[in-house]
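The values are calculated or read from the model by the stated rules, or taken from the named source; none is laboratory data. Treat the numbers as computed from the prediction; the structure is a model and nothing was measured. Cβ placement follows ideal geometry from the backbone for every residue including glycine, while neighbour counts extend to all protein chains displayed. Areas reflect the complete protein model, heavy atoms only, side chains present, ligands, DNA and RNA absent. Shrake-Rupley method; radii C 1.70, N 1.55, O 1.52, S 1.80 Å.
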Amino acid sequence: MIKNISDYLEEIYNLPLNQSLSREHLLHSSFLVGKENNVEIYYSPHNEYINREAKIVIVGITPGFQQMKMAYETLRSELANGHSLEEGLKKSKNAGSFAGSMRRNLIHMLEECGLPRALGIKDAASLFSTERNILHTTSVIKYPAFYKGKNYTGSQPMIDRNKLLSFYAYTIFPEELAQLPSKALVIPLGKAVDRILTNLAQEGKIAQAFLTGFPHPSGANGHRRKQFEQRKEALIKDILQWTQERA
């Protein structure tokens with residue numbers, strides 16, 4: 001079931017260059033890694049790169065199609081320009097991580113939580129640019145998951161009720177966390193990710209501290225502002241406590 005970049009390199013090289021990749025290009029049987037009922041998981045290269053020096057780990061539920069598309073286009077371009085696979089995967093990661101409006105919303109909330117001050121950096125936006133070396137981004141479901149052809153949101157079906165999703169959440173995800181510093185702070189985005197981290201902590205499968213109640217920054221989450229205001233003071237306090245404990 002588990003494959004890696006080497007299993008897909010030939011297909012990646014065969015993707016069209018210098019053009020926008022479509023769902024027909026990427027949601028293709030050659031990239032399908034697993035299927036159960038109406039859930040399908042497809043390979044994407046950007047979560048192959050792991051920043052083992054990270055101080056902050058931001059965790060989403062699963063990459064969406066737009067992230068997947070940007071990751072593939074970036075990697076394809078990097079390889080065509082003669083860059084190494086490792087460098088291509090790193091650039092792919094940077095391009096695909098919470099791209100678009102989601103990243104803007106995320107940066108705004110991290111700013112208001114006081115994270116830049118806790119880290120001693122200029123601002124939250126720099127985590128995705130000049131301070132990228134202290135950030136690791138990932139997902140509970142490592143590769144893009146789709147339910148009935150649409151981006152999986154974490155609720156239908158529930159992760160715990162689908163063997164394929166559960167395998168990635170409770171086996172593959174904690175294996176990735178184990179490769180990251182134990183003093184890193186994990187920031188789960190949304191209730192579904194929050195619940196997985198809480199379950200993993202109860203099972204003793206996570207060494208890192210993590211926030212709870214951080215809203216999902218997706219534009220589709222119309223309640224994120226209200227949710228954030230309700231949790232803001234607690235999040236500021238938790239970040240401050242993490243800063244003191246790692247000092």
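Taking 0.36 nm per residue of separation and subtracting the current Cα-Cα distance, fully stretching the chain between residue 66 and residue 201 would add 45.5 nm. Among 98, 167, 128, the largest mean-square fluctuation in a Gaussian network model of the chain, built with springs joining Cα atoms closer than 10 Å, belongs to 167.
Here the accessible area of the chain is 48 percent carbon and sulfur, with a 1.4 angstrom probe and all protein chains present.
Entry note, the chain: the mean residue ellipticity at 222 nm calculated from DSSP H runs of n ≥ 4, each adding -39500 (n - 2.57), is -11500 deg cm²/dmol after division by the residues and rounding to the nearest 500.
Which parts of region 194-211 would a label at residue 160 reach, counting a residue when its backbone N lies under 15 Å from a point 7 Å out along Cα-to-Cβ? Once the point is set 7 Å along Cα→Cβ of residue 160, 194-204 turn out to lie under 15 Å by backbone N, inside region 194-211.
Our coupling estimate for region 105-120, obtained by passing each phi through the Karplus curve with A = 6.51, B = -1.76, C = 1.60 and θ = phi - 60°, is 5, 4, 4, 4, 5, 4, 4, 5, 7, x, 4, x, 4, 5, 8, x Hz, Gly and Pro reported as x. Coordinate range of the alpha-carbon atoms in region 45-111 per principal axis, descending: 38, 27, 19 Å. Shape class of the chain from the alpha-carbon gyration tensor: prolate, with a/c at 1.5 or above and a/b greater than b/c. Here the dipole of the chain is about 660 debye; that uses its Cα centre as origin and unit charges on the Cβ of Lys and Arg (positive) and Asp and Glu (negative).
Put simply, the amide H of residue 186, placed in the peptide plane, has neighbours under 5 Å in 57, 209, 210, 211, leaving out anything fewer than 5 places away on its chain. Compared with the alpha-carbon gap, the fully stretched path from residue 85 to residue 123 is longer by 10.7 nm at 0.36 nm per residue.
Rolling a 1.4 Å probe over the heavy atoms of the protein chains gives the chain an accessible area of 47 Å² per residue. Ordering 137-147, 85-95, 227-237 by mean Cβ neighbour count within 10 Å, with the highest value first, yields 137-147, 85-95, 227-237. Axis of helix 224-246 versus longest Cα principal axis of the chain: the two differ by about 80°, to the nearest ten degrees.
In this structure, the amide hydrogen of residue 139, modeled 1.01 Å from its nitrogen in the peptide plane, lies closer than 5 angstrom to those of 60, counting only residues at least 5 positions away or on a different chain. Could you give the angle, 0 to 90 degrees to the nearest 10, between helix 191-202's Cα long axis and the longest principal axis of the Cα atoms of the chain? Helix 191-202 sits roughly 70 degrees off the main axis of the chain. Phi angles of region 130-137 translate, via the Karplus equation with coefficients 6.51, -1.76, 1.60 and θ = phi - 60°, into HN-Hα couplings of 5, 10, 4, 5, 9, 10, 10, 10 Hz per residue; Gly and Pro are given as x.
Between the C-alpha center of region 18-95 and that of region 101-118 there is a gap of 24 Å.
Shape class of region 22-158 from the Cα gyration tensor (axes a ≥ b ≥ c, square roots of the eigenvalues): oblate, since a/c reaches 1.5 or more and a/b does not exceed b/c. Between helix 65-80 and the chain, what is the angle of the helix's C-alpha long axis to the longest principal axis, kept within 0 to 90° and rounded to the nearest 10? Compared with the principal axis, the helix lies near 60 degrees.
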